[in-house]
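Trainee: Sending over a structure as C-alpha cells; questions will come in a sec.
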Amino acid sequence: MNRPSEHLLATTDVSSHGSGVSWSAIFAGAAAAAALSLILLLLGLGFSSVSPWTGSGLGAKGLGISSIVWLALTQIVAAALGGYLAGRLRVKWANLHGDEVYFRDTAHGFLAWAVATLVTATLLVGTVGSLVGGGLQAGAQLAGGVAGAATQMAGQAASQGSREDYGYFVDSLFRDDRPVAVSDDAARGTVSRIFVRTLGNDGQLATEDRAYLAQLVAQRTNLGQAEAERRVDEVFAKARQAVEQAKQAAKEAADTAAKVAAWSSLWMFIALLCGAFFASLAALYGGRRRDAVVWVETDLQPRTTAPVATH
C-alpha cells in the first residue's frame, strides 16, 4: 500500500510534467457551443419573418438592430455554455498555484470558444455554398434550355449594338441645312442617340446638334427656330438633371452599402469579443465548481485481523 508521501509525490510529478490542456473537455464545450449557436441562429432567422405589427414588417433599421442584438445574445449564451462545460469537465489539477489554475481555466474557455467559432463558420460557409451551388445548377439547366435561341440572336444583337455605337456619327454624315423629312421613329432614334452620347460624355450639347434637334422639333410642332431651340435647351437640361440625380442616388446607395458593411463588421467583431470573454469567464466559474467537488475514498474491502497466537 502506498504511503501518503508517495501519493503526494506522484501527484506532484503528474501535475508538473503532464499537459495543462484537457482537449476532451475543450472539444465537448466547443461542440455544445456550436450546436447551440446553430439553433439560436435558425431561431433568429425564423423570428426575422415575424412582425408584431399587423400588415407591416420591420424596417431596415429595426431589422439591423434586432440582428445585432440577436447575434450578440447568441454569442454570449452559446459561448458561456461551451466555456462552462470546458471548465467543469476538465481534469482536476493538484498542487498548482491559484494563478496557474486561473490561467488554465481561462485558456480552456477561450479555446472552446475558438473551436466552436471555427466549426460554426465552416458549417455556415458550407450551407451557403450548397445553396449557391444549387442555384447555379438550376440556372445552368435553364440556360441550357434557351441556349439555342440565345445563340441565334447573338449575331443579330452584336450587329445591332455595333450600329448603335456608330449611329451618332452615321447620322452626322447625312445631315444638311435643308429641312429634314424623316419619319417620327427615325427622328426619335436620332434624338435618343444624340442625347445618349452627349450625356455620356461631357454633358454639353454641341452647337450643330442643337441646331439639328431644333429643326426636327420645328418641323413637327410648327414652332419657330428660336422657340424650338429654347425647347431643346429646356428638355436637354431636364435630361441632364435626371442623369445627375441618378448618379447622385447611385453614389449615395454605394456609400450607404459601404457604411452598412463597415458597421456590420464592427458589431460582429464586438459580438465575437463578447463571446470570447463570457466563454473564458464561464470556464473559470466551471473550473471553480469542478475544484469544489470533494472525492471521498472508501475502503469497501473487509478488514481481516490476524489471529492471536497463544502460548
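The values are calculated or read from the model by the stated rules, or taken from the named source; none is laboratory data. Quick caveat: nothing in here was measured; it's all calculated off a predicted structure. Reconstructed Cβ throughout: ideal geometry from the backbone, glycine too, with neighbour counts over all protein chains shown.
Trainee: Checking the condition touching a helix residue (DSSP H, G or I) at 6+ places or on another chain (Cβ under 9 Å), at pLDDT 80 or above, among the hydrophobic types (A, V, I, L, M, F, W, C) and under 24 Å from Phe269 (Cα atoms), which residue from Leu40, Leu89, Leu45 passes? Outline the logic, then answer.
Mentor: Details: Leu89 fails: under 24 Å from Phe269 (Cα atoms); Leu45 fails: touching a helix residue (DSSP H, G or I) at 6+ places or on another chain (Cβ under 9 Å).
Answer to the selection: Leu40.
Trainee: Could you list, in sequence order, all residues of region 21-37 that are surrounded by fewer than 17 Cβ atoms within 10 Å (Cβ to Cβ) and either touching a Leu at 6+ places or on another chain (Cβ under 8 Å) or at positive phi (or both)?
Mentor: Val21, Ser24
Trainee: Could you please tell me which pairs satisfy a Cβ distance under 7 Å, a separation of 6+ or placement on different chains, a first residue in region 62-88 that is more than 17 Å from Ala28 (Cα to Cα), and a second residue that is part of a helix (DSSP H, G or I) and among the aromatic types (Phe, Trp, Tyr)?
Mentor: So the pair list comes out as Ile68/Trp267; Ile76/Phe278.
Trainee: A further question on this structure: What tally of residues in region 74-98 results from selecting those that are touching a Cys at 6+ places or on another chain (Cβ under 8 Å) and surrounded by fewer than 24 Cβ atoms within 10 Å (Cβ to Cβ)?
Mentor: 1
Trainee: Any chance you could count how many residues in region 208-255 are free of Cβ contacts under 8 Å to residues at least 12 places away in the same chain, crowded, with 16+ Cβ neighbours inside 10 Å and over 15 Å from Ala187 (Cβ atoms)?
Mentor: Residues in region 208-255 being free of Cβ contacts under 8 Å to residues at least 12 places away in the same chain, crowded, with 16+ Cβ neighbours inside 10 Å and over 15 Å from Ala187 (Cβ atoms): 0 in total.
Trainee: Hey, another quick one. Enumerate the pairs (first residue in region 28-46 and assigned by the TED database to the domain that holds Gly109 and free of Cβ contacts under 8 Å to residues at least 12 places away in the same chain; second residue anywhere and polar (S, T, N, Q) and surrounded by 16 or more Cβ atoms within 10 Å (Cβ to Cβ)) with beta-carbon separation below 8 Å, excluding pairs fewer than 6 apart on the same chain, so at least 6 apart or on different chains.
Mentor: Pairs that qualify, where the first residue is assigned by the TED database to the domain that holds Gly109 and free of Cβ contacts under 8 Å to residues at least 12 places away in the same chain and the partner is polar (S, T, N, Q) and surrounded by 16 or more Cβ atoms within 10 Å (Cβ to Cβ): there are none.
Trainee: Ok, one more. Is it the case that some residue within region 277-295 is part of a loop (DSSP other than H, G, I, E, B), among the β-branched types (Val, Ile, Thr) and either modelled with pLDDT under 80 or closer than 24 Å to Tyr84 by Cα (or both)?
Mentor: yes
Trainee: Given the conditions (1) at pLDDT below 90; (2) part of a helix (DSSP H, G or I); (3) closer than 30 Å to Asn95 by Cβ, report the number of the one that Ser19 does not fulfil.
Mentor: Checking Ser19 against (1) at pLDDT below 90; (2) part of a helix (DSSP H, G or I); (3) closer than 30 Å to Asn95 by Cβ, the one that fails is (2).
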